[in-house]
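Asks: Mind having a look at this structure? Questions to follow.
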Amino acid sequence: MNIKGIKGIEDTLLDYPGKPAVIVYFHGCSFRCGFCHNVGLVLRNDDPDISWRNALEAIKDRINLIEAVVASGGEATLNPGLPGFLRIMKEMELLTKLDTNGSQPGVIRNLLGEKLIDYIAMDVKHVLEPEKYAMAAGCDTEASFDGRLRANKRTAESFDVKVIEESIEIIRKSEIDYEFRTTVVPGMHERADILNIARYLEGSKRYTLQNFASRDEHISPDFVGREGFPADELKEIAEECSKFVPMAVRGLSK
Ligand code: SF4
């Protein structure tokens with residue numbers, strides 16, 4: 001076993017609900033969300049991989065302190081080593097969580113079939129309309145990043161929302177705990193959009209709104225310095241959404 005593409009391991013009390021965990025970051029992503037701040041993981045490959053041996057040692061070193069491991073990214077489902085990684089985590093009797101953008105429904109189905117995941121958090125970037133989803137997940141802004149950004153623009157024509165719908169259905173029909181979540185960005189999401197997503201997710205276990213917070217670097221430079229939703233407005237929207245699905249809100253700093 002030699003799993004490549006592991007870029008980081010961090011201790012976390014926030015990423016697996018109620019459990020101390022380690023989060024493992026896998027390189028690469030199938031999307032190019034303009035608001036994404038994981039630029040180094042998604043667009044570039046500046047940092048060397050952590051060798052599989054060192055990654056496993058780091059997890060073993062923490063085995064008495066943690067109860068769970070979170071496979072994140074980037075998009076962990078793109079990594080062919082993910083099932084093997086999760087099998088080893090289950091052998092170590094750890095709970096496992098997958099953070100995913102839902103672009104690989106077949107992988108999600110197989111991981112669930114093999115009972116390799118205990119919890120899934122799936123991003124629902126926008127309403128299930130090609131134009132809006134492509135705008136949120138595709139990054140239609142040309143950025144140079146020292147010439148290292150591979151052009152990977154998605155357009156409404158090239159964006160297939162059916163794969164997202166399929167992932168949502170697979171997860172909703174699964175027997176594990178899960179949440180859907182949207183990073184909400186003023187100007188990209190209208191109140192009505194967020195309500196429509198909640199309506200679409202009616203009957204799901206949980207829907208989380210993550211307020212946008214600007215960082216030093218985003219995939220699209222347009223997002224640097226942008227404001228998130230005012231706390232009161234986002235709480236109000238969540239309250240309305242709770243008619244359809246149990247809600248949580250993160251990032252209410254104002
Ligand atoms: S925010 Fe978008 S680009 Fe960034 S890791 Fe998630 S799916 Fe990929």
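Asks: Identify, among N54, V245, A136, the residue whose Cα sits farthest towards the positive end of the charge dipole of the chain, taking +1 on the Cβ of Lys and Arg and -1 on the Cβ of Asp and Glu, with the dipole about the Cα centre.
Replies: Sorting the options by dipole projection puts first N54.
Asks: One quarter of the convex hull surface, Cα atoms only: what value does that give for segment 192-252 in nm²?
Replies: The Cα convex hull of segment 192-252, projected and averaged over all directions, gives 4.5 nm².
Asks: If you look for lysine pairs in segment 6-250 that are eight or more places apart or on different chains, how many of them have Cα atoms under 12 Å apart?
Replies: Total qualifying Lys-Lys pairs in segment 6-250 comes to 4.
Asks: So which trypsin sites (Lys or Arg not before Pro) in segment 1-37 are both in a DSSP loop and have at most 14 other Cβ atoms within 10 Å of their Cβ?
Replies: When the trypsin sites (Lys or Arg not before Pro) of segment 1-37 are filtered for loop state and at most 14 Cβ neighbours within 10 Å, K4 remain.
Asks: Pull up the DSSP beta bridges for segment 6-250 and report the antiparallel fraction as a percent, rounded to 5.
Replies: Bridges in segment 6-250 are about 20 percent antiparallel.
Asks: For segment 6-250, what does the accessible surface come to per residue with a 1.4 Å probe? Please give it in Å².
Replies: 46 Å²
Asks: Go from 0 up to the bin containing the longest alpha carbon distance in the chain, width 5 Å each, and give me the % of pairs per bin.
Replies: Spelled out per bin, shortest first, that is 1, 6, 13, 17, 19, 18, 14, 8, 3, 0.
The values are calculated or read from the model by the stated rules, or taken from the named source; none is laboratory data. On a predicted model such as this, the values are computed, not experimentally measured, just so you know. Cβ coordinates were reconstructed from backbone atoms using ideal geometry, including for glycine residues, and neighbour counts include every protein chain displayed. Each accessible area value is taken on the protein alone, full model and side chains, heavy atoms only, with ligands, DNA and RNA left out. Shrake-Rupley method; radii C 1.70, N 1.55, O 1.52, S 1.80 Å.
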